[in-house]
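Trainee: Below: one structure in structure tokens.
The values are calculated or read from the model by the stated rules, or taken from the named source; none is laboratory data. Keep in mind it's a predicted model, so treat the numbers as computed, not measured. Counting neighbours? That spans all protein chains shown, and the Cβs are built from the backbone with ideal geometry, glycine included.
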Amino acid sequence: MRDDDFTMLGRGAPSAGRSSRTAPHQRRPPDARPVNVHMHAFAASHLPIVGPWFDDLDTARWLGRRAWPEQLLLRASRLPDRYALLGVRDGVPVGVVDVERNRDARAGFAIAVAPECRGEGVARAMVAALWEYPALTQVVEFFAGVEVGNDASDRLMRSAGFRVVTAPDHEGFVYFAARRDGKHPALPWFRPDR
């Protein structure tokens, strides 16, 4: 996952009688131009478009080569709580997301953005769109592991309202989590069992 220019940053202003907590998917700075990305089911027919994204050195380093989207489709076809999603902006595919919903109403995700769309706020908009995707509306917490050194993903998660909830694990991943209600994730935080 990589994105250098994020949209929908910051917290909403508190209003009288209500909490100042704003759910992560509702945050946006006052001067940000919204980037509209809609999530759709990712299908094999999209592989000719998405596959070349994984030839990019950064994408390959952090996620994998062209086999990654193919494996995602296979997992999503076999597992009922696995979702392969395609981010679409103005009718053009701009990213892909792997989501795994767990029994405890939490879901982990991995995201890849088309290299030519980086720096346009696409990744941030895709993360925001996850909260609204119909099959995921019962998810109370999203989380993602970011490899140490993947600075763009680290910035994305922080700007999207996610909080660091673990130290680096034995594989070099730091986990970030955000709750739908805007509250801090419970600590100590544990990666859910599938």
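Trainee: Can you pull out the residues in segment 100-135 that are within 10 Å of the chain's Cα centre (by Cα) and part of a loop (DSSP other than H, G, I, E, B)?
Mentor: Answer for segment 100-135, where residues must be within 10 Å of the chain's Cα centre (by Cα) and part of a loop (DSSP other than H, G, I, E, B): just 131.
Trainee: For residue 7, only one of the following conditions fails: (1) under 26 Å from residue 116 (Cα atoms); (2) modelled with pLDDT of 90 or more. What is its number?
Mentor: The one condition residue 7 does not meet is (2).
Trainee: In segment 30-74, how many are under 24 Å from residue 135 (Cα atoms) and either β-branched (Val, Ile, Thr) or assigned to a strand (DSSP E or B) (or both)?
Mentor: 7
Trainee: Provide a single number: the residues in segment 136-169 that are buried (at least 20 other Cβ atoms within 10 Å of the Cβ), outside any strand (DSSP E or B) and not hydrophobic (A, V, I, L, M, F, W, C).
Mentor: Matching residues across segment 136-169 total 4.
Trainee: Right, something else. Looking only at residues that are among the aliphatic types (A, V, I, L, M) and without any contact (Cβ under 8 Å) to a residue 60 or more places away in the chain in segment 100-119, which one is farthest from residue 57 (Cα to Cα)? Spell out how you get there, then give the answer.
Mentor: Residues of segment 100-119 among the aliphatic types (A, V, I, L, M): 105, 107, 110-114.
Those still in the list that are without any contact (Cβ under 8 Å) to a residue 60 or more places away in the chain too: 105, 107.
Working: 105: 34, 107: 27 Å.
The selected residue is 105.
Trainee: Same structure, new question: For segment 44-91, give me each residue that is among the small types (Gly, Ala, Ser) and in contact (Cβ under 8 Å) with a residue 40 or more places away in the chain. Don't jump to the end; show me each part of the working.
Mentor: First pass over segment 44-91, keeping only residues among the small types (Gly, Ala, Ser): 44-45, 51, 60, 64, 67, 76-77, 84, 87, 91.
Within segment 44-91, 84, 87 qualify.
Matching residues to (1) surrounded by fewer than 19 Cβ atoms within 10 Å (Cβ to Cβ); (2) modelled with pLDDT under 95; (3) more than 16 Å from the chain's Cα centre (by Cα):
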site: 57; (1), (2), (3): yes, yes, yes
site: 70; (1), (2), (3): yes, no, yes
site: 74; (1), (2), (3): yes, no, yes
site: 79; (1), (2), (3): yes, no, yes
site: 82; (1), (2), (3): yes, no, no
site: 90; (1), (2), (3): yes, yes, yes
site: 98; (1), (2), (3): no, no, no
